[in-house]
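Asker: The structure's right below; bear with me while I get my questions together.
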Amino acid sequence: MDALALAVGCLSSPTTPFLSPPRSLPRNHKYTRRNPALSKTLDKSHAFTFAAPSSSSSPATIRPSNSSARRAAIAEVEASTDLDSTLSRVEGILQVQDYNNILCYFGELRRWTEVSQLFDWMQKHKKLNFASYSSFIKYMGISHNPMKALQAYDSIPDKSLKVNVSICNSLLGCLVKNGRFESSIKLFNRMKDDGLSPDLVTYSTLLSGCRKVKNGYSKAMQLVQELENKGLHMDGVIYGTLLATCASNNLCEEAESYFQQMKDEGCPPNLFHYSSLLNAYSVDGNYMKAEKLVNDMKSSGLVPNKVILTTLLKVYARGGLFEKSKELLAELELLGYAEDEMPYCLLMDGLAKAGHIHETKALFAEMKQKHVKSDGYAHSIMISALCRSGLLKEGRMLAKEFEANCNKYDLVMLNTLLRAYCNTGDMDSVMQVLGKMDKRAISPDWNTFHILIKYFCKEKLYHLAYRTIEDMHGRGHQLNEDLCSSLILQLGQSGFPSEAFSVYNMLRYGKRTLCKSIHEKMLDLLVAAGLLKDAYVVMKDNMERISTSSLDKFAVSFMRSGNINLINDVFKALHRSRRQINPDIFHAAVSRYLGKPEKTELLLQLLQWMSRHGYCVDSSSRNLLLKNSHLFGQKQLIAEILSKQHMMSRKLRSQEVKK
DNA sequence: GTAGGGTTAG
């Protein structure tokens with residue numbers, strides 16, 4: 001099985017190509033010079049030429065004329081509007097590392113078309129090495145295209161190159177970045193089987209994936225154990241990742257203890273470590289600890305940067321210290337650290353969750369007025385805040401405004417929009433958003449399904465809700481019990497008992513423990529709908545959770561119209577529940593058998609079973625049997641059994657009187 | 001070794 005096949009199960013549902021990559025270079029970008037790839041290459045070439053001028057025996061010596069040809073060729077490729085033809089024209093001048101540098105140049109500019117085109121060309125002309133694969137895979141990860149990364153990996157012809165640690169790290173990092181933690185672990189195990197020797201980078205890559213998954217911390221611990229078993233020692237980056245994992249999993253004490261352990265091991269904390277620990281303090285808004293930490297940090301000679309101050313703002317906002325938050329926001333503005341929406345979002349979210357909707361709105365307006373750069377987070381927070389505080393129409397309006405002005409969508413935003421439209425019963429817009437999701441191949445998550453199902457139920461579109469639940473279950477999402485229970489009842493009442501039963505089964509097989517009352521409701525519903533075979537299954541599996549009256553109703557119905565061959569089994573099941581069996585049920589069974597002379601054998605078995613277990617038929621059933629026993633050709637036998645039962649019941653009754 | 005790892009928002 002190749003890596004693609006291994007991961008394709010998880011990848012077939014599309015990834016979340018969130019906010020398209022930045023159009024301009026990141027601020028701290030390593031290519032700040034005009035032609036970085038070029039300088040990088042040429043620095044090396046010159047170093048070689050000048051450091052070893054006498055080694056004329058080396059055929060690799062690059063003469064200035066040669067280097068200026070390379071310089072020109074690189075510039076030409078980077079500026080080209082027709083990559084393929086430019087590449088063919090300069091073929092022979094450039095070396096593999098030149099192509100790699102150009103690849104990085106395009107990659108850092110987020111010019112994905114060129115990245116792919118160049119890489120294709122390099123593959124076709126066999127101008128690549130481990131660094132080419134590693135870089136290409138990394139960029140495919142950044143551009144949210146893990147599929148292409150996997151294809152590139154699978155295309156590597158050389159087996160030993162496939163377990164090159166750098167390539168493997170890139171691919172694992174690509175999967176992790178795109179939320180495919182599970183597949184990255186599977187692939188990691190495969191790679192180890194194939195001969196990969198993981199290093200610290202491998203482990204920190206995988207550890208960073210633990211931040212956003214369920215039980216992330218315990219998975220992180222497994223990885224730490226593994227790296228230690230391999231004789232590797234945790235370095236500053238690994239500690240940084242661990243601290244971030246603790247913070248994301250709300251494990252403040254663990255974060256503190258790793259922070260201490262790291263210092264004890266002689267590794268001085270840097271800004272990454274401080275910001276992660278600060279982030280851990282933000283969970284419960286522990287501003288006392290946060291402020292002390294920032295002071296410690298300053299004493300150690302570190303200067304708080306944008307991330308530290310922004311995280312401190314998060315601590316204040318979470319802790320409800322809105323005055324302090326506002327002061328800090330003003331400071332960030334002065335420092336030029338509030339050019340994007342992050343700090344505003346932190347404060348808006350804090351305000352909104354504390355119920356200060358008007359202040360949230362004011363800050364949102366201020367942000368707009370200041371033309372703060374936005375990727376949609378602020379809208380998402382504001383729309384949710386409006387909906388939460390009951391300002392549904394306003395929430396819907398803002399959602400519409402966002403859609404009219406922005407063309408950036410990710411799953412969270414789409415869910416936010418859906419919620420806003422569902423809240424106002426705007427079915428058309430709901431459908432449009434679903435269309436957008438489809439078009440962009442963004443797959444719905446648990447929240448999406450939950451929003452839709454709740455909405456469909458509210459609109460009494462029960463069958464649609466049912467189909468949505470089926471879809472949700474089919475994709476492996478845990479079903480919400482309350483929502484399903486109410487849908488089960490509604491489906492039953494609106495003439496879809498089989499669908500109700502299907503929902504019940506999905507719920508039952510997905511969860512270990514269910515609320516007790518659901519089984520009885522399901523049983524009642526199936527009995528009412530005459531689906532007695534299904535009812536029998538529910539009854540058999542959940543007898544101790546079902547009231548006697550519901551069991552009785554089921555049993556009587558079953559005797560009247562259930563599968564006649566299962567009647568005796570139903571009695572045995574009832575007997576196992578150790579509850580008194582209502583005589584009406586025996587009566588109903590006897591009547592049923594009387595109408596089916598060909599089932600005499602079953603009737604006799606039932607009567608004998610009754611005698612063995614101390615039951616006896618009531619007088620009306622006995623009379624009925626005696627009157628009709630000629631029908632069965634077993635007149636004598638039936639009379640004997642009945643008289644035995646009769647005597648036994650007399651004996652029992654007299655014993656009770658004595659007591 | 002031309003390469004790969006950690007910090008803040010809905």
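The values are calculated or read from the model by the stated rules, or taken from the named source; none is laboratory data. Computed from a predicted structure; not experimentally measured. Here the Cβ is made from the backbone with ideal geometry for all residues, glycine too, and neighbour counts use every protein chain on show. Remember, those area values only see protein heavy atoms, side chains included, never the ligands or the DNA or RNA. Shrake-Rupley method; radii C 1.70, N 1.55, O 1.52, S 1.80 Å.
Asker: A:M648 to A:S197: FRET efficiency via 1/(1 + (r/R0)^6), r the Cβ-Cβ distance, R0 60 Å, to the nearest 0.05?
Answerer: On the way: r = 79 Å, r/R0 = 1.32.
Rounded to the nearest 0.05, the efficiency is 0.15.
Asker: Something else: Regarding chain A, what whole-number volume in Å³ per residue does the convex hull of its Cα atoms give? Kindly include the intermediate steps, with their values, before the conclusion.
Answerer: Values: hull volume 173.1 nm³, N = 659.
Once divided by residue count, the hull of chain A is 263 Å³.
Asker: Cα-based count: Lys pairs in the range A:584-659 below 24 Å, eight or more positions apart or different chains?
Answerer: Lysine pair count for the range A:584-659: 11.
Asker: How far, in nm, would the chain grow between A:I93 and A:L161 when pulled straight, counting 0.36 nm per residue and subtracting the alpha carbon separation?
Answerer: The A:I93-A:L161 span can extend by a further 21.9 nm.
Asker: Something else now. Roll a 1.4 Å probe over the protein chains and send me the accessible area per residue for chain A in Å². Working shown, then result.
Answerer: Numbers: 32950 Å² over 659 residues.
With all protein chains present, chain A gives 50 Å² per residue.
Asker: Using a 1.4 Å probe over the heavy atoms of the protein chains, calculate the carbon and sulfur portion of the accessible area of the range A:584-659 as a whole percent.
Answerer: Details: 2380 of 4640 Å².
Roughly 51 percent of what the probe reaches on the range A:584-659 is carbon or sulfur.
Asker: How much of the accessible area of the range A:83-240, probe 1.4 Å, is carbon plus sulfur, in whole percent? The partial results should precede the final answer.
Answerer: On the way: 3350 of 6780 Å².
Heavy-atom surface of the range A:83-240 belonging to carbon and sulfur, 1.4 Å probe: 49 percent.
Asker: So what's the angle, to the nearest 10 degrees on a 0 to 90 scale, between helix A:567-576 and the longest Cα principal axis of chain A?
Answerer: So the inclination is approximately 80 degrees.
Asker: Quick check on packing: order A:276-284, A:175-183 by the mean number of other C-beta atoms within 10 Å, highest mean leading. It would help to have the intermediate numbers written out before the result.
Answerer: Values: A:276-284: 23.6, A:175-183: 21.9.
With the highest mean Cβ count within 10 Å placed first, the list reads A:276-284, A:175-183.
Asker: Rounding to the nearest 10 and keeping the result within 0 to 90°, find how far the Cα-based axis of helix A:252-264 lies from the longest principal axis of chain A.
Answerer: 40 degrees
Asker: Restricting attention to the alpha-carbon atoms of the range A:584-659, what are Rg (one decimal) and Dmax (integer), both in Å?
Answerer: Cα-based Rg and Dmax for the range A:584-659 come out at 12.6, 44 Å.
Asker: Also, quick follow-up: What is the calculated FRET efficiency for A:R475 to A:N305, with r their C-beta to C-beta distance and R₀ = 35 Å, to the nearest 0.05?
Answerer: 0.30
Asker: Across the range A:359-451, how many lysine pairs, 8 or more apart or on two chains, come within less than 18 Å at their alpha-carbon atoms?
Answerer: For the range A:359-451, qualifying lysine pairs total 11.
Asker: Mind pulling the angle between the C-alpha long axis of helix A:392-405 and the longest principal axis of chain A? Nearest 10 degrees, somewhere in 0 to 90.
Answerer: Compared with the principal axis, the helix lies near 40 degrees.
Asker: Let me know the whole percent of all Cα-Cα pairs from the range A:484-585 that are separated by more than 20 Å.
Answerer: On the way: 1739 of 5151 pairs.
Summing the P(r) of the range A:484-585 above 20 Å gives 34 percent of all pairs.
Asker: For a Förster distance of 35 Å, can you work out the FRET efficiency between the beta-carbons of A:M397 and A:R545, rounded to the nearest 0.05? Don't skip to the end; give the middle numbers.
Answerer: Numbers: r = 48 Å, r/R0 = 1.36.
Rounded to the nearest 0.05, the efficiency is 0.15.
Asker: From Cα pairs below 8 angstrom and at least 6 apart in sequence, can you work out the relative contact order of chain A, rounded to a whole percent? Walk me through the numbers before you get to the answer.
Answerer: Numbers: 737 pairs, mean separation 43.7, N = 659.
Relative CO of chain A lands at 7 percent.
Asker: Would you work out the charge dipole size for chain A about its Cα centre, treating the Cβ of every Lys and Arg as +1 and the Cβ of every Asp and Glu as -1, and quote it to the nearest 20 debye?
Answerer: Working: 85 positive and 66 negative charges, 446 e Å.
Computed charge dipole of chain A: roughly 2140 debye.
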